[in-house]
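Participant: Pasting in a structure now, in structure tokens, and then I'll have a few things to ask.
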Amino acid sequence: MYRKLNNLAARPTMTMTTDTRPRAYDADADADATSARFAWAITGSGHGLAESLDIAATLLPYVDLFLSRAAEEVLPLYRIELAQLKQRFRVFRDNSASAVPVGMLYDETRYHTVVVAPATSNTVAKCAFGISDTLPTNMFAQAGKLGIPGIVFACDTQPVVITKSPLDWVELRPRNIELDNVERLRQIDHSRVVCSPAELRAALDARLAETRMSSCASA
Ligand SMILES: Cc1cc2nc3c(=O)[nH]c(=O)nc-3n(C[C@H](O)[C@H](O)[C@H](O)COP(=O)(O)O)c2cc1C
């Protein structure tokens, strides 16, 4: 997939001693880290949130979650608590300026695909313009640079979007800028945009078939 420069940087090392600074993720300390899996980023979108999580759960145990800070705020508004998620998934939070968990993508045996689902119009815009300043946008950008395929479930893809707010159903009319950003995102290398839970499911199934084929080929 991508060329790993083992001699230059075999594994991240950090010599910092205080707990207040970010630590490199230690793959060896993780007993479950044996099979490549999906890295699944969740952003602060109510639209498609429950559906995305339901689909992610079908991939267990081969999926880990990476939350944006907005996702952490929005999840409980839809009655999904972080503690609940942690009972089922390994969850990585956006609590470092440099998106420390992104370092796990450099271990090519660890994640074969990065999914961003659901993706807010904010995250879509950032991904489309190469901005990476949150955990999901960093996962997406770094995956692209490593040649790891990305799948983005964009929320605002239709002229009219009916979505559930925490209190009620609402009708949104995405502006041209949101629709244009989705089109721009479609041009980004190594990534695929999907617009509904059904398309997301189909893209994941296709990716699973590809990864099975490549593991058969390398066996
Ligand atoms: C209850 C709630 C629901 C939201 N739903 C959406 C949504 O469906 N789509 C969207 O683009 N933004 C939505 N937002 C706004 C985003 O959370 C906000 O733009 C945030 O800055 C996105 O950050 P992120 O892209 O880093 O996750 C919602 C916010 C709240 C409080």
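Here, each number is a calculation from the coordinates, and none is a lab measurement. Values in this document were obtained by computation on a predicted structure and should not be read as measured data. Glycine also receives a Cβ, built like all others from the backbone with ideal geometry; neighbour counts cover every protein chain displayed.
Participant: At a 10 Å Cβ-Cβ cut-off, how would you order LYS126, LYS86, fewest neighbours first? The partial results should precede the final answer.
Facilitator: On the way: LYS126 23, LYS86 11.
Ranking LYS126, LYS86 by Cβ neighbours within 10 Å, fewest first, gives LYS86, LYS126.
Participant: Sticking with this one: Using +1 on the beta carbon of Lys and Arg, -1 on that of Asp and Glu, and nothing else charged, what's the dipole of the range 33-218 about the Cα centre, debye to 20? Display every interim value, and only then the final one.
Facilitator: Working: 19 positive and 20 negative charges, 60 e Å.
Dipole about the Cα centre, nearest 20: 280 debye.
Participant: Now for a different question. For q = 0.16, 0.27 Å⁻¹, what log10 I(q)/I(0) does the range 33-99 give under the Debye formula with an equal point scatterer on each alpha carbon and no solvent?
Facilitator: The Debye formula, applied to the Cα set alone, gives -0.51, -1.36.
Participant: Let me see the P(r) profile for the range 36-195: every Cα-Cα distance counted, bins of 5 Å, each bin given as a percent of all pairs.
Facilitator: Distribution as computed: 2, 10, 20, 24, 21, 15, 7, 2, 0 percent.
Participant: Between ALA198 and ARG175, what is 0.36 nm times their sequence separation minus the Cα-Cα distance? Round to one decimal in nm. Walk me through the intermediate numbers first.
Facilitator: Details: separation 23, 0.36 × 23 = 8.28 nm, distance 2.39 nm.
Taking 0.36 nm per residue and subtracting the Cα distance, the gain is 5.9 nm.
Participant: Please list the non-local residues whose amide H lies under 5 Å from the amide H of PHE66, H modeled 1.01 Å from N, same-chain partners needing a gap of 5 or more.
Facilitator: So PHE66 has HN proximity to TRP40, ALA41, ILE42, PHE92.
Participant: Taking H placed 1.01 Å from N in the peptide plane, check which residues at least 5 places from ILE151 or on another chain put their amide H under 5 Å from its amide H.
Facilitator: For ILE151, whose amide H was placed from the backbone, the distant partners under 5 Å are VAL114, VAL115, VAL116, ARG192.
Participant: Of all DSSP beta bridges in the range 103-219, what percent run antiparallel (nearest 5)?
Facilitator: Working: 4 of 12 bridges.
Percent antiparallel among DSSP bridges in the range 103-219 is about 35.
Participant: On to the next question. Sort out for me the Cα centre separation of the range 60-80 from the range 35-51, rounded to whole Å.
Facilitator: 7 Å
Participant: Ok, one more. Taking 10 °C and 1.306 mPa s as the conditions, I'd like the Stokes-Einstein D for the range 142-186 in µm²/s, using the Kirkwood hydrodynamic radius from alpha carbon pairs. Could you put the intermediate results ahead of the total?
Facilitator: Values: Rh = 12.4 Å.
Result for D is 128 µm²/s.
Participant: Sticking with this one: Please compute the Kirkwood hydrodynamic radius over the range 103-185, one decimal place, Å, based on all pairs of different Cα atoms.
Facilitator: Details: mean 1/r = 0.0728 Å⁻¹.
Final number for the Kirkwood radius of the range 103-185 is 13.7 Å.
Participant: Counting other beta carbons within 10 Å of each Cβ, put TRP40, TRP169 in order, fewest first. List each step's numbers first, then the result.
Facilitator: Details: TRP40 26, TRP169 8.
Going from least to most buried by this count: TRP169, TRP40.
Participant: Per the Kirkwood formula on distinct C-alpha pairs, the Rh of the range 60-130 is how many angstrom? Don't skip to the end; give the middle numbers.
Facilitator: Working: mean 1/r = 0.0735 Å⁻¹.
Value: 13.6 Å, from the Cα pair sum.
Participant: At a 10 Å Cβ-Cβ cut-off, how would you order THR109, THR120, fewest neighbours first? It would help to have the intermediate numbers written out before the result.
Facilitator: Details: THR109 11, THR120 26.
The order, fewest Cβ neighbours first, is THR109, THR120.
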